[in-house]
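The values are calculated or read from the model by the stated rules, or taken from the named source; none is laboratory data. Source: prediction; values computed, not measured. Here the Cβ positions follow ideal geometry from the backbone for every residue, glycine too, while neighbour counts run over all protein chains shown. To get the accessible areas, we keep the full protein, side chains included, count just its heavy atoms, and leave off ligands, DNA and RNA. Shrake-Rupley method; radii C 1.70, N 1.55, O 1.52, S 1.80 Å.
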Amino acid sequence: MKTMRELPAELAERLELPSALLPGQGRLSLCGGRQALIEGHRGLLEYTPERIAVSMGRETLSLTGDNLRLQAMNAGELLITGRIRAAEWG
């Protein structure tokens, strides 16, 4: 029998949704292709001016673009600026 905590994760998996969309998980907010706010991250995996990869638990969020910079970071949020061309969950 599944617990109430396991049901949202199982539903997201069956619907092929990123686990970061679950309540209490990560969230990405993009502003005009120039700014990204990432909430609920688990740390940086890669950081270059062309690509920033962030751990979102079981998923990875990758932003690609030009002149990407980490403007601010704390335990729960990242603020990235630059020309953001693509965001990919994987």
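Tell me which residues, restricted to the range 59-90, are outside any strand (DSSP E or B) and either surrounded by 16 or more Cβ atoms within 10 Å (Cβ to Cβ) or in contact with a helix residue (DSSP H, G or I) (Cβ under 7 Å, 6 or more places away or on another chain) (or both). First the steps, then the outcome.
Restricting attention to the range 59-90, the residues satisfying the condition of being outside any strand (DSSP E or B) are 59, 74-76, 90.
The answer is GLU59, and nothing else.
Do any residues in the range 39-58 that are over 16 Å from GLU77 (Cβ atoms) and in a strand (DSSP E or B) have Cβ atoms under 9 Å from those of residues that are among the aromatic types (Phe, Trp, Tyr) and open to solvent by 50 Å² or more (accessible area, probe 1.4 Å), where the two are at least six apart or on different chains, and which pairs are they?
ALA53/TYR47
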